[in-house]
Every structure is written in structure tokens, then in C-alpha cells.
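Take a look at the structure set out below.
The values are calculated or read from the model by the stated rules, or taken from the named source; none is laboratory data. Bear in mind that the values here come from a model prediction, so they are computed numbers and not experimental data. Cβ placement follows ideal geometry from the backbone for every residue including glycine, while neighbour counts extend to all protein chains displayed.
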Amino acid sequence: MNILDLSIKELSVALSKKEVSSVEITKAYLEAIERDEKSSKPIHAYTQILSDYALELARKADERIKNGSNTLLTGVPIALKDNLNLKGFPTTCSSKILENYIATYNATAVEKLVNEEGMVVLGKTNMDEFAMGSSTETSYFGITRNPYDRERIPGGSSGGSAAAVAGKLAPAALGSDTGGSIRQPASLCGVVGFKPTYGLVSRYGLVAFASSLDQIGPIARNVEDTSILLTAISGHDPKDSTSLTIEAKKYTLNPEIKGIKIGIPKEFFISGLDKEVEENFKLVIKKLEANGAKIEEINLPHTEYAVPTYYIVATAEASSNLERYDGIKYGYRANSKTLSELYKKTRSEGFGPEVKRRIMLGTYVLSAGYYDAYYLKALKVRSLIKSDFDKAFVKVDFILGPTSPTPAFKIGERIDDPIAMYLSDIYTISSNLAGLPAISIPAGFSKNGLPFGIQIIGKLLDEQEILNLAYGIEKIV
């Protein structure tokens, strides 16, 4: 039995049968992480490897299994994106400004997985600084490499989480998705990534980027593992004012595809869509039709405005959220003689170029002379984008498209071209603006062996139906 090849479900079965212990599983992953870090071109999925803590949790998990108080997830390792609070350990957001910040409480999703389910935290994963990026190249702690080709990016901002799962450095991970930051790296790394309906999973303890867009979600090797994790982390949280007041539910899977109506937006076939990605997507559609799905072309007419709308709304919220990093409350503090100098030097030295760019853009669109012309107009277009989805879902059950317009690009290829980088998320941004659930699942490989992903977008709170369709596609693709 190769521990690193086992899914969450398989690990859970092996643990319950006493075929392996949580300590043995944890040691196997910690050794794999250590081997990677010592290699000539490490994936570098982690900013922090919590070996002692992980083994302590593993021993506790083995005790729970021994006395019969375990759950399906007890003793299974997991990795956490480094913008999720884990009490007693740094939450850095891969930024110099939070390099030495120690979390004083657990994020609700972390609390559920660690203290309620008994999962084992291997470490905190690398990310684009403050989740601002699509390649995990803006991290203060260095780049993360794609496990399929170490000269290429893993996607972002949850690139470390996706790369850890794809590179067998964790069986699963949590990420956050503001404009595609779970789904895009999942696609480029050949794993499953789910962004739930806005408010289904508590954001309490997630360091905010754009509060009306951010969502925590799972990254796993298959749809079944994804459903298990989503069951564990979803549900109402009184600590989060945006949390939906609905009953938590258990997600079970049904792979039936026959009779399902799937919409294909004609706006997704744009210039910039890689030919191999398009051909692979059309092949998936043919397989769906052969299995009884009904395919219909639909219109999402405001899709072309999604990227500029997102970068106005997201940067406006970011400039407000990041105002708290002033060198006084917590985090990095620059040596200064006056209060004004303290603010200026702390932020100049603590934030990286991409974060500064977005803060300046957000401050600009919120300024007195430009608020109506940019921010208010973006909110109106956001409503139109949501209206497009509402109209489409009258005709179809789901919307299907590529997750990313290209396979993983080379490290350094777009870092100096912000517009090209921002367009990496062109297919994923709209569902965040509309608050809709969406999943990316593996759908094939390029001639160079790089993974492709396809994205399923569903109606509000249609997580169960999305998982069913994803499970069905997983079986035929």
C-alpha cells in the first residue's frame, strides 16, 4: 500500500480497519514534503511545515479511532492555505507585512476540520501575496512550481494548495476563491477545486481580500473527496455576518447524466482560448451527449465586462480591507520617526508590487471624483452579470466551459504583464461576481502532458447537483 496514492476515502477505510495509523500516514507525507524541499527544483507548496504539531494531531486522531469516536475524516492529513487562521501559528498571506503575525484563533473551517473532525494539519501552503495573483509568483516566500512541469506555474492564488494535492504532498487542501483562485490552479494542476455558493462556508478567520467575493473551498484529487470535505466545512456560522442561515447537509453522489440540460456560452469561445483547450472541451461535450446530456448554446452577453468589473470591485474592497496594515496594530513595523512616516514606510516595505498596484487602483476608483464613474458603474454591471445567469438558468440546469483559457504557462512569462495575468481568470470571475457555486474537474492533458480542467457553474445552493454532474463527468472522462 502506497500511502501517498490513497484518496481521503481510501485513507479513512484503511484507518478504520487499523491497516495503517494516522501517525504512519502523517510521517509518510512529512517525508515526501522534506524530499521535495531538498530537490533541485522543489514544488515549494508550503510556507510552513508543521511537523511536530501534525504528529501531535495524528496521535490524538489514533486515540479517537481506538476509542470509536472518530469520523470519516479523523486522522486524514490536510494542508491549509496561508490566509486561514490556525491558532498559535503564523498566518502570513505570503506577505512580508504579516511574516511574524501569530493567529490567536482558528478560522471556522479550520476549527471544524481539526477539532471536530480530527484532521491532521501538515502545514500552511504558499499563495500569491494576499491572494492577489493567478500564478503564485507574487509570494514573499518564493514561487511554487507546477508538479507536472517544474518550469511552469501552478496557477493562483491557491497555487500552493493545488500543487500540494497534485504533487502528493497532501491528500487534500483548503483554498480561497475570490475570482477563480481555487478553480484555476486546480485546473492547471489536474485536481478538483470547488468554490461554494457565497455564504455557504464561513469566512470567519479568512484574511479578507475582497469581502463580497471571497469564499473558502476544498481542493482534492477526486469529486468524492471534495464532497466529503464540503460536507464538513459548510453550514451557518453566527460569527460570520455573511453566513447563510441554512441547515448543513451531507453531500452524496449520483453520476446520472441522462436528460441533464447543459448550457455552453458562446462568449466563452474567445480569442486567446488555446486551441488544445478548445478541442479538449469539445471532446468532453461529445462524451456528454453520447451519455444522454442535452447540450444547448446560451448567451451570457455581459461576460466581456466581467474582468474589468471584477478588478474594480475587488480592488476597491481590497484597498479598504488592507488599510488595517499600518505598522501599529500587528504585523511588520518599519523604523520611523513620525506617525506619517510609519504608515508610509511600513506599507512601502511590507507590501509587494502587485498588492500595491491593487491598493492604488482600488483607492482611485473609490475617490470622490471617480466613485460614480467607476465603482458605482461596476456594481451596476455586476447586477447585469448576475441577471445573465438568472436568465440562462431558466433554460438550462448547468453552465459548462473551460476553467482556464490556456494550460499552465511558464514561470516569469506573464509576471510583468498584469493584463495578460488578469485574463487567466476570464472564465472563473463571473461566478464570484454572481455568488454562484462552481467546480473545476480534470478533463484531459495537452500534447506536452499539461492538465486541462472544465468548469461547471450551477444555480445558487446547487452544490449537490454540481457534485453529481462532476462525478458523472469524472467517470466518463
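Quick check, is V381 surrounded by 13 or more Cβ atoms within 10 Å (Cβ to Cβ), touching a Pro at 6+ places or on another chain (Cβ under 9 Å) and touching a residue at least 60 places away in the same chain (Cβ under 8 Å)?
So V381 fits the description; yes.
Run down I429, I415 and say which single residue is touching an Asp or Glu at 6+ places or on another chain (Cβ under 8 Å), within 30 Å of Y140 (Cβ to Cβ), β-branched (V, I, T) and touching a residue at least 60 places away in the same chain (Cβ under 8 Å).
Being touching an Asp or Glu at 6+ places or on another chain (Cβ under 8 Å), within 30 Å of Y140 (Cβ to Cβ), β-branched (V, I, T) and touching a residue at least 60 places away in the same chain (Cβ under 8 Å) holds for just one of I429, I415, which is I415.
Which of the residues spanning region 287-305 are hydrophobic (A, V, I, L, M, F, W, C) and surrounded by 13 or more Cβ atoms within 10 Å (Cβ to Cβ)?
Within region 287-305, L288, A293, I295, I298, L300 qualify.
Give me the residue from region 164-192 that is assigned to a strand (DSSP E or B) and over 13 Å from M127 (Cα atoms) and, out of that set, nearest to the chain's Cα centre (by Cα).
Here the residue is V192.
Taking region 223-239 as the region of interest, how many residues are buried (at least 24 other Cβ atoms within 10 Å of the Cβ) and of a type in the set (D, E, K, R)?
1
In region 250-286, which residues are surrounded by fewer than 15 Cβ atoms within 10 Å (Cβ to Cβ) and more than 13 Å from P402 (Cα to Cα)?
K250, T252, N254, E256, K258, G259, K261, S271, K286
Go through region 41-56 and report how many residues are surrounded by fewer than 20 Cβ atoms within 10 Å (Cβ to Cβ) and either at pLDDT below 95 or under 13 Å from A163 (Cβ atoms) (or both).
The total comes to 2.
Which number in (1) touching a helix residue (DSSP H, G or I) at 6+ places or on another chain (Cβ under 6 Å); (2) more than 18 Å from F268 (Cβ to Cβ) marks the one condition that A420 misses?
Among (1) touching a helix residue (DSSP H, G or I) at 6+ places or on another chain (Cβ under 6 Å); (2) more than 18 Å from F268 (Cβ to Cβ), the lone unmet condition for A420 is (1).
Filter region 1-56 for residues that are assigned to a loop (DSSP other than H, G, I, E, B) and either closer than 21 Å to T91 by Cβ or of a type in the set (A, V, I, L, M) (or both) and give the result.
M1, L6, V20, I43, H44, A45, L50
What do you reckon, is N100 modelled with pLDDT under 95, touching a Ser or Thr at 6+ places or on another chain (Cβ under 9 Å), surrounded by fewer than 24 Cβ atoms within 10 Å (Cβ to Cβ) and not small (G, A, S)?
Against the criterion (modelled with pLDDT under 95, touching a Ser or Thr at 6+ places or on another chain (Cβ under 9 Å), surrounded by fewer than 24 Cβ atoms within 10 Å (Cβ to Cβ) and not small (G, A, S)), N100 qualifies.
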